[in-house]
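Since the structure comes first, as structure tokens, the remarks are kept for the end.
The values are calculated or read from the model by the stated rules, or taken from the named source; none is laboratory data. Everything quoted here is computed from the prediction, not taken from an experiment. Positions of Cβ are backbone-derived with ideal geometry, glycine not excepted, and every protein chain shown enters the neighbour counts. Accessible surface is based on the protein model in full, side chains and every heavy atom, while ligands, DNA and RNA are left aside. Shrake-Rupley method; radii C 1.70, N 1.55, O 1.52, S 1.80 Å.
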Amino acid sequence: MRRPIVGLNTRVETSLDVAPRQQAVVRLEGAALEKRLRLKRSSAFIETMTKLDVSGVVVSKGKVQELIDQISSEFPELAVDQLPLGIVSKCYLGNPYEVHSLDTRLQILDHYKRGEIVPNGMEKARRLAMHPSYAYIEVYMNMIAAISLSGEVSMIKE
């Protein structure tokens, strides 16, 4: 019987070396996904999303990644493609800015003046973002979620 020779640069894995395997995550779909997206948002998450203006007009790539990581933390059970495409909210930097968006796919936080189109399918959230009842708007592929300051969620399907 032939046995493989273990060389100096070969690592042999023992039962002590193996980290406990994570269980496979069940992908939420349909009504289960919608139910999860309707859950109230945490106060810490709302506070973060409503303070996107704090960084001013120019934002570092690191700050944008930090915001995207917080989105992932708020929705740990969702796959990457189920997370919001972006966030749109009222901009408080003053005239001429009206709204700002956090585009999670392109990793961009940008501020938009009156009349400027918010790209990547997020323009549809602009009017709701300007409404005083909502803290911010989450934009998904086929719906938007309007989030109040209390964290309550109103879903609008397209």
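Could you list, in their original order, any pairs among Lys51/Lys90; Lys40/Lys61; Lys61/Lys157; Lys40/Lys157; Lys35/Lys61 whose Cα atoms are separated by more than 21 Å? Numbers along the way, then the final one.
On the way: Lys51/Lys90 10 Å; Lys40/Lys61 28 Å; Lys61/Lys157 31 Å; Lys40/Lys157 18 Å; Lys35/Lys61 32 Å.
Checking Cα-Cα distances, Lys40/Lys61; Lys61/Lys157; Lys35/Lys61 exceed 21 Å.
Just subtract the alpha-carbon distance of Lys113 and Lys61 from 0.36 nm times their residue separation and send over the number in nm, one decimal.
Details: separation 52, 0.36 × 52 = 18.72 nm, distance 2.14 nm.
Between Lys113 and Lys61, full extension yields 16.6 nm more.
With only alpha-carbon pairs counted, each pair once and no self-pairs, how large is the Kirkwood hydrodynamic radius of the range 76-151 in angstroms? Before the final figure, lay out the partial values.
Working: mean 1/r = 0.0797 Å⁻¹.
The Cα-based Kirkwood calculation yields 12.5 Å.
When Lys and Arg each count +1 and Asp and Glu each count -1, what net charge do the other residues less than 13 Å away from Lys63, Cβ to Cβ, add up to?
Charge balance in the 13 Å sphere: -2.
Using a ≥ b ≥ c from the Cα gyration tensor of the range 115-158 (square roots of the eigenvalues), is it rounded, prolate or oblate, where a/c under 1.5 gives rounded and otherwise the larger of a/b and b/c decides, a/b for prolate?
oblate
Suppose all protein chains stay in the model; what accessible area per residue would a 1.4 Å probe give for the range 19-158, in Å²?
Details: 7920 Å² over 140 residues.
Result: 57 Å² of accessible area for each residue.
For Asn120 and Leu33 in the same chain, what is the full-extension length gain: residue separation times 0.36 nm, less their Cα-Cα distance, in nm?
That pair, Asn120 and Leu33, stretches by 29.1 nm at full extension.
For the range 78-92, in order, what is each residue's ³J(HN,Hα) by Karplus, 6.51 cos²θ - 1.76 cosθ + 1.60 with θ = phi - 60°, in whole Hz (x at glycine and Pro)?
Taking θ as phi minus 60°, the curve returns 9, 6, 4, 6, 9, 6, x, 5, x, 10, 10, 8, 5, 9, 10 Hz for the range 78-92.
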